[in-house]
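The values are calculated or read from the model by the stated rules, or taken from the named source; none is laboratory data. None of the values given here were measured: they were computed from a predicted structure. For neighbour counting, all protein chains shown are included, and Cβ atoms are generated from backbone atoms with ideal geometry for every residue, glycine included.
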Amino acid sequence: MRATLDHIALAIVLGWMGFALAGLVAGPALASIAGGMVSALVLVLQRSTPVAGAMALLSPLGVMLPALALRDVSAAWGLPVLPFGTVEISVFLAAYAAFLASAMGLLPVDLYRLGYAPRPVAAMVLIVCAYGLVAGSLFLPLVAVTGQVLWVAGLGSSNWFDHVLHAMLMPVAVVVLLMQVF
């Protein structure tokens, strides 16, 4: 089950990349076909060297990257998607940089270890849900709760952060922030 979920997440992320690249020269319909073909290839060829290499490079994908990919495709199709603000992205980048520095032992506290404990995880999920309520957005609370459900069910990593964060979020957030500022 875990391997299946990982391959579905990889298919969504790589399909989104196909969608985004095709979207540079085509509309949403053709870009969606291209993205769907990439996703299907990932699922059909999941035992191939390129797909296994992508899995080794990106795993664990968790919930956030596939959710962002689906969110971006939805926005391209005209569905109402509340964009992240410049302040939100800036705060995320600062907090995530501190989190990564902590996880790498560059700070005297290891925040990553909190992702193994039920009470801190529950508190973080509640904080994200409260933020979503105040901000009027369901996206982050859904990601946090879905990550918690997968974590509790033992489907994937034994650390909640692996379900809701990914190292690729840093460059993605920087690019989105630069696109908003310039």
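Look through the range 72-103, keep the residues that are assigned to a loop (DSSP other than H, G, I, E, B) and either of a type outside the set (A, V, I, L, M, F, W, C) or at pLDDT 95 or above (or both), and return whichever of them is surrounded by the fewest Cβ atoms within 10 Å (Cβ to Cβ).
PRO80
So, VAL175, is that one β-branched (Val, Ile, Thr) and at pLDDT 90 or above or not?
So VAL175 does not fit the description; no.
Can you find a residue in the range 77-93 that is farther than 22 Å from ALA135 by Cα and not small (Gly, Ala, Ser)?
Yes, the conditions are met somewhere in the range 77-93.
Of all the residues that make up the range 104-134, how many are assigned to a helix (DSSP H, G or I) and either closer than 18 Å to SER158 by Cα or of a type outside the set (A, V, I, L, M, F, W, C) (or both)?
16
Hey, could you check the range 43-71 for residues that are β-branched (Val, Ile, Thr) and assigned to a helix (DSSP H, G or I) and say which is modelled with the lowest pLDDT?
VAL51
Among the candidates PRO80, PRO60, PRO28, which residue alone is out of contact with any Phe, Trp or Tyr (no Cβ under 7 Å at 6 or more places or on another chain) and either touching a residue at least 60 places away in the same chain (Cβ under 8 Å) or over 23 Å from THR146 (Cβ atoms) (or both)?
Being out of contact with any Phe, Trp or Tyr (no Cβ under 7 Å at 6 or more places or on another chain) and either touching a residue at least 60 places away in the same chain (Cβ under 8 Å) or over 23 Å from THR146 (Cβ atoms) (or both) holds for just one of PRO80, PRO60, PRO28, which is PRO60.
Take the range 111-126 and flag every residue that is surrounded by fewer than 14 Cβ atoms within 10 Å (Cβ to Cβ), closer than 10 Å to TRP160 by Cβ and not aliphatic (A, V, I, L, M).
Hit for the range 111-126 is PRO118, nothing else.
Consider only pairs whose beta carbons are under 8 Å apart and that are at least six residues apart or on different chains; among these, list those whose first residue lies in the range 161-182 and is under 23 Å from VAL128 (Cα atoms) and whose second residue is surrounded by 14 or more Cβ atoms within 10 Å (Cβ to Cβ) and polar (S, T, N, Q).
Taking only residues 6 or more apart or on different chains, the pairs are HIS163/THR146; HIS163/GLN148; HIS163/SER157; LEU177/SER90.
Within the range 141-152, is even one residue modelled with pLDDT under 95, closer than 21 Å to LEU111 by Cα and surrounded by fewer than 18 Cβ atoms within 10 Å (Cβ to Cβ)?
No, the conditions are met nowhere in the range 141-152.
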